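The next block holds one structure in the form of structure tokens; read it before the comments.
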Amino acid sequence: VNLQQVPRDPFIRGLFGAPPGWTFVEADYSQIELRIAAFLARERHMLHLYAVGADIHLTTAARVTGLPESQVSKEVRKRVGKPVNFGFLYGMGWKKFIETAFNNYGAVFSEEEARGARKTFFDLYPGLPAWHNRQRRLVNEHGRVQSPIGRVRHLPDIFSPEQGVRAEAERQAINSPVQGFASDLAVLSMVAINQKFRELGINGYCLGLVHDAIN
């Protein structure tokens, strides 16, 4: 079951859990969308950070705030690094970013701060805009895009006469290959975990997925 479709109501979410004598476990990938985007865009700085085991949220937060990484607190990492990375990864505009950062992280950015954060992000990871443009060009030419393993996303809205509808199709052209590939990796991991359970004689099974997490 795709558990992200379950309503967010705590009572309904609370129906999923471990019965007496069992343990409920959640295993997830670390920053899988950022990692896949770095791979697809061949973004050198992002790839380097992951190769050396650095904390990309910490790096971004430090650059945006102007603080040394040693002085970036967990709170600043959460309220600056995460919303900036996940917000601008797919080319979000600064106006939408203000709303998304507040709704998802409780982070408040002024117009000036949002503009500055966006510029800083793309200065820090300059390989991303070329990838964004490539995906926009592909969807405009072919009406579809595909993930690294061939998952196809048809986007007929790219041929709409309405500019806003076309813009949304272009955004989907950027994020669909990333999120589709992440989903496929999660499903493959679910199969591998079930196989490992059987090999180890563990009486357990996978209940479902929530984005990049396996329950």
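Values in this text are rule-based calculations from the coordinates and carry no lab data. Nothing here was measured: the structure is a model prediction, and the numbers come from that model. Positions of Cβ are generated from backbone atoms using ideal geometry, with glycine treated the same way; all protein chains shown enter the neighbour counts.
At a glance:
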quantity: Within the stretch 151-215, GluC sites (Glu not before Pro) in DSSP loop having at most 14 other beta-carbon neighbours inside 10 Å; calculated: E162
quantity: Nearby lysines by direct alpha-carbon distance to K119 (threshold 29 angstrom, same-chain neighbours under 8 apart not counted); calculated: K74, K78, K82, K95, K96
quantity: Förster radius 35 Å - calculated FRET efficiency between L67 and A27, Cβ distance, rounded to 0.05; calculated: 0.60
quantity: Kirkwood-type radius of the stretch 91-215, with distances r between different C-alpha atoms, in Å; calculated: 17.3 Å
quantity: Calculated [θ] (222 nm, deg cm²/dmol) that DSSP helices of n ≥ 4 give over the chain, each run adding -39,500 (n - 2.57); calculated: -17500 deg cm²/dmol
quantity: Residue among I98, L49, V84 farthest towards the positive dipole end of the chain, charges placed on Cβ; calculated: L49
quantity: Tilt relative to the chain, helix 111-124 - C-alpha long axis, 0 to 90 degrees, to 10; calculated: 80 degrees
quantity: For q = 0.12, 0.13, 0.20, 0.24 Å⁻¹, Debye-computed log10 I/I(0) when each Cα of the stretch 139-196 counts as one equal scatterer; calculated: -0.36, -0.41, -0.70, -0.86
quantity: Charge dipole magnitude, Cβ of K and R +1, D and E -1 - the chain, Cα centre, debye nearest 20; calculated: 280 debye
quantity: Longest site-free stretch - the chain; sites: chymotrypsin sites (Phe, Trp or Tyr not before Pro), DSSP loop, at most 15 other Cβ within 10 Å; calculated: 25-204
quantity: Shape call, the stretch 39-96: gyration tensor on alpha carbons, a/c limit 1.5; calculated: oblate
quantity: Degrees, to the nearest 10: 32-41 long Cα axis against longest axis of the chain; calculated: 50 degrees
quantity: The stretch 8-122 shape via C-alpha gyration tensor axes, a/c threshold 1.5; calculated: prolate
quantity: Rounded D (µm²/s) - the chain, Kirkwood Rh over Cα pairs, Stokes-Einstein at 20 °C, 1.002 mPa s; calculated: 111 µm²/s
quantity: Check: the stretch 56-140 dipole with +1 on Lys, Arg Cβ and -1 on Asp, Glu Cβ, in debye; calculated: 320 debye
quantity: Proximal aspartates and glutamates relative to K196, as straight alpha-carbon distance under 18 Å, when same-chain residues fewer than 8 apart are discounted; calculated: E26, D28
quantity: In degrees, nearest ten, helix 128-142 long axis to first principal axis of the chain (Cα); calculated: 80 degrees
quantity: For the stretch 197-212 versus the stretch 1-80, the gap between their alpha-carbon centres in whole angstrom; calculated: 21 Å
